[in-house]
Amino acid sequence: MTDEIGAVLREVKTIALVGASARPDRPSHEVMAFLQSRGYRVIPVNPGLAGQTLLGERVFASLGEIDAPIDMVDVFRRPETVAPIAEAAIAVGARVLWLQLGVVNEDAAARARAAGLKVVMDRCPKIEWLRRHG
C-alpha cells in the first residue's frame with residue numbers, strides 16, 4: 001500500500017475535495033491549503049458553499065458539476081455517506097478514491113476498485129505527503 005500511495009501522490013494533479021470547509025480550523029480546509037501549496041489543483045465540493053470561492057477555487061455542489069478532469073476524489077465525509085460519492089467518482093472518470101482518516105466503507109471501496117479506481121482508506125494525503133517528503 002505504501003508504494004501505491006506514493007505513486008498516487010506523484011501521479012495525480014487535480015483533486016476534488018468532498019466535504020471542503022470554509023473554516024480554517026477544519027481539517028478539510030487545512031488539507032486543501034496544504035495540497036495546493038504542494039502544487040496540486042484542489043477543487044472544493046460542498047453543496048452548502050456552492051458558487052462561492054474557497055482558497056482561490058470555485059466551490060461546486062457535486063462532483064458531476066466540475067468542469068475539469070478529476071484525478072482523485074478526497075472524501076471528508078462520514079463513512080455511511082461514501083457510497084454515492086464513490087459512484088460519482090466512477091461516473092466522472094476519477095482514477096483514485098481517497099477516504100480520509102476515520103473514513104472506512106468497504107462496500108464503496110470494493111465498488112470503486114471493481115470500476116478500476118485505486119482506493120486509499122483511513123489515510124490523509126497531507127500526512128502521507130509529509131512522510132515521503134519531510
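Here, each number is a calculation from the coordinates, and none is a lab measurement. Small disclaimer: the values here were computed from a predicted structure and weren't measured. Methodologically, a virtual Cβ is constructed for each residue, glycine included, from the backbone with ideal geometry; neighbour enumeration extends over all protein chains shown.
Here the Karplus relation 6.51 cos²θ - 1.76 cosθ + 1.60, evaluated at θ = phi - 60°, turns the backbone of segment 91-97 into coupling constants of 4, 8, x, 4, 9, 9, 10 Hz, with x for every Gly and Pro.
Label sites at Glu87 and Ala68, each approximated as a point 7 angstrom past Cα along Cα to Cβ, lie 2.7 nm apart.
Judged by the ratio a/c of the largest to the smallest principal axis of the C-alpha gyration tensor, segment 12-68 counts as oblate, that ratio being 1.5 or greater while a/b is no larger than b/c. Rounded to the nearest 5, the antiparallel percentage of DSSP beta bridges internal to segment 2-133 is 10%. When Rg and the Kirkwood radius Rh are both evaluated on Cα atoms of the chain, their ratio Rg/Rh stands at 0.92. For Leu54, the residues 5 or more places off, or on other chains, whose built amide H falls under 5 Å of its own are Val59. Once the chain from Arg26 to Arg132 is taken as fully extended at 0.36 nm per residue, the excess over their C-alpha distance is 35.8 nm. Note on Ala7 and Ala110: the model spin-label points, each 7 Å out from Cα along the C-beta direction, lie 2.3 nm apart. Annotation for Ala50 and Thr14: the two label points, set 7 Å from Cα along the Cα-Cβ direction, are 1.9 nm apart. Local charge for Lys13 was computed over the other residues whose Cβ lies under 9 Å away, with Lys and Arg +1 and Asp and Glu -1, and equals -1. Have a look at Pro44, Leu9, Gly19 and report the one farthest towards the positive end of the charge dipole of segment 1-55, computed about the Cα centre with Cβ charges (Lys/Arg +1, Asp/Glu -1). Farthest along the dipole direction, towards plus: Pro44. Ordering Ile43, Ile5 by the number of other Cβ atoms within 10 Å of each residue's own Cβ, fewest first, gives Ile5, Ile43.
Taking a sphere under 9 Å around the Cβ of Ala86 and counting the other residues whose Cβ falls inside, with K and R at +1 and D and E at -1, yields a net charge of -1. When only Cα pairs below 8 angstrom with a gap of at least 6 residues are kept, segment 2-133 shows a relative contact order of 22 percent.
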